[in-house]
Structures are given as structure tokens and as C-alpha cells.
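Reading through the C-alpha cells given below for one structure.
The values are calculated or read from the model by the stated rules, or taken from the named source; none is laboratory data. These numbers were taken from a predicted model, which means no experiment stands behind them. Cβ: placed from backbone, ideal geometry, glycine included. Neighbour counts: every protein chain shown. What goes into the accessible areas is simple: the full protein's heavy atoms, side chains included, and nothing from ligands, DNA or RNA. Shrake-Rupley method; radii C 1.70, N 1.55, O 1.52, S 1.80 Å.
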Amino acid sequence: MQRIRLRYAKRGPLRFTSHRDFARAFERGLRRAGVPIAFSQGFTPHPKISYASAAPTGVGSEAEYLEIGLQAVVDPEQLRVALDAALSPGLDVLEAVQAGEGSLADRIDASRWRLELFEVDPAAARDAVAAFLAADEVLVERMTKQGRRSFDARAAVNRCMVVGEPDLPSGAGGVPCAIIDLVVRQVTPAVRPDDVLSGLRVVAGLEPPVPPRVTRLAQGTLTAQGEIVDPLEADREAVGIGGR
């Protein structure tokens with residue numbers, strides 16, 4: 001069985017697609033594109049698709065990952081083109097590589113996010129971020145399947161800084177916008193961008209008057225230098241060395 005790993009994006013209105021809705025759309029796209037997907041054994045066979053750390057509903061992403069198992073060997077780039085054409089615009093397949101050794105999930109322990117806070121003065125955001133980073137602990141609450149839960153939103157944050165609009169344009173001409181570059185490690189329970197925003201409210205009273213726009217820019221392994229290594233990098237290197 002051939003295994004292919006994909007990087008895809010959720011853009012525009014499609015960021016409001018839930019993970020369940022995306023899974024349904026993706027399986028329809030596989031059929032429409034004629035992908036020879038492999039199925040599990042048993043009384044209720046299901047397509048061999050493994051998702052890695054899906055973004056929350058309402059969040060855009062340039063770095064979502066999944067792995068599929070195939071019954072026949074295909075060219076990864078041809079599969080990418082066919083599958084991208086079969087999915088709705090906004091669900092965009094950006095890359096396909098043949099899977100190498102190891103687990104895709106084991107290569108993801110952090111995410112980088114862009115938080116665009118419309119109608120928030122960047123100076124006020126910088127003060128709030130400084131207060132957040134200076135705190136030893138920032139307790140926030142979130143409703144979970146087990147009920148309301150309190151946890152520390154500070155410990156998982158590796159980087160949080162306000163960046164200038166020339167580097168990361170918001171597209172909101174004439175409207176003040178604070179843009180936060182955020183790197184969060186994967187912990188249990190998971191700390192999401194909205195938890196960090198709750199933390200900024202707790203420590204500094206910062207509360208955007210309109211819903212922020214959140215986009216995941218990268219996922220992967222966090223290095224000691226604070227950079228994130230793309231989880232497909234090892235697969236590309238294996239192909240370059242002589243993989244199929």
C-alpha cells in the first residue's frame with residue numbers, strides 16, 4: 001500500500017467548515033478525482049485517511065496535514081492536481097509527497113498562528129502581550145466535553161509578539177489592526193489561539209471589539225531556536241536521496 005501525505009489550506013469562507021464537514025468533502029473529492037483509496041477491513045470498511053491536528057472551526061489555515069493509503073501506486077503531484085480540482089475553492093491541496101518512515105503526528109508538536117485584531121491599537125496589544133509574557137501563569141476557562149475547565153494558557157506559548165502591518169498585511173485599509181505572531185506548543189489540554197486571547201483579556205483587559213481573524217501559518221517540530229520544521233521535510237529529503 002502506498003502512503004501519501006498532503007498539505008492543504010482552508011481559506012476564505014471555507015475556514016468555517018468543521019472538521020467533520022471537511023472529512024465528508026474530502027472523501028467526495030477522492031471519489032470525484034478517481035483516487036484509488038485503500039479501505040480498512042471488516043464489516044464497515046472506511047477509507048484509510050489519517051488527519052493530523054485539525055484547526056478549529058472558524059480558523060483559516062495554510063498548513064493542515066493528512067495521510068492517505070492507496071491501493072495502487074500513483075504520482076503524488078498528479079494526485080495533488082486532480083484532488084485540488086475536485087475540491088471546492090478554498091479547500092486547496094498545496095503539496096503531496098510519498099510518506100517516509102515514522103508517523104506524521106510525531107512530527108508535529110507546535111503551530112504558528114497569525115492573529116489579526118481589528119480595531120485594536122497595536123500599542124495596546126504590545127502592552128497586553130508584555131503583561132501576558134511576564135506572567136508565570138495565566139489561568140483561563142473553556143467549556144470542554146467534561147464541562148468547564150480551567151488551565152494555564154501561558155506555559156504552552158513559545159512566542160507571542162505584535163508585528164507590523166507591512167510584514168503581515170491585514171487587508172483592512174484604514175482600520176487599526178494589531179497583528180500578533182504566535183507560536184504555541186502542543187500540550188494537554190491543547191492551548192488554542194482563542195485561549196491566548198482570553199489570557200490577554202485576563203492579564204490586561206484586552207478585548208477586540210470585533211471577532212479576530214486567525215490563520216494557522218505552519219505546523220511542525222519546534223527547534224531550540226524557535227523555528228518550526230515542516231513535517232513533510234523528511235519525506236522530501238527521502239525522495240531526494242533516492243526514494244520513489
Give the angle, between 0 and 90 degrees and rounded to the nearest 10, that separates the Cα long axis of helix 193-204 from the longest principal axis of the Cα atoms of the chain. 10 degrees
Against the longest principal axis of the chain, how steep is helix 122-134, in degrees 0 to 90 to the nearest 10, with axes from Cα atoms? 80 degrees
Count the net charge of all other residues whose Cβ sits under 14 Å from the Cβ of H19, scoring Lys and Arg as +1 and Asp and Glu as -1. +3
Of all DSSP beta bridges in the chain, antiparallel share, percent nearest 5: 95 percent
Of the candidates G42, G90, G12, which one comes out as most mobile in a Gaussian network treatment of the chain with C-alpha springs shorter than 10 Å? G42
Enter the Cα centre distance for the pair segment 82-103 and segment 19-79, rounded to the nearest angstrom. 8 Å
Quick one: order E141, E101, E233 from most to least accessible surface, probe 1.4 Å. E101, E141, E233
With a sphere of radius 11 Å drawn around the Cβ of Q219, what net charge do the other residues whose Cβ falls strictly inside it have (Lys, Arg +1; Asp, Glu -1)? 0
When the chain is treated as a GNM, springs tying every alpha-carbon pair under 10 Å, which of G102, G58, G220 comes out with the largest mean-square fluctuation? G102
Only helical DSSP H runs with n ≥ 4 go in: add -39500 (n - 2.57) per run for the chain, normalise by residue count and round the 222 nm mean residue ellipticity to 500 deg cm²/dmol. -7500 deg cm²/dmol
If you work out log10 I(q)/I(0) by the Debye sum over Cα atoms at q = 0.10, 0.11, 0.15, 0.18 Å⁻¹ from the coordinates, which of [x] -0.48, -0.59, -1.19, -1.78; [y] -0.54, -0.65, -1.09, -1.37; [z] -0.54, -0.65, -1.20, -1.55 do you get? [y]
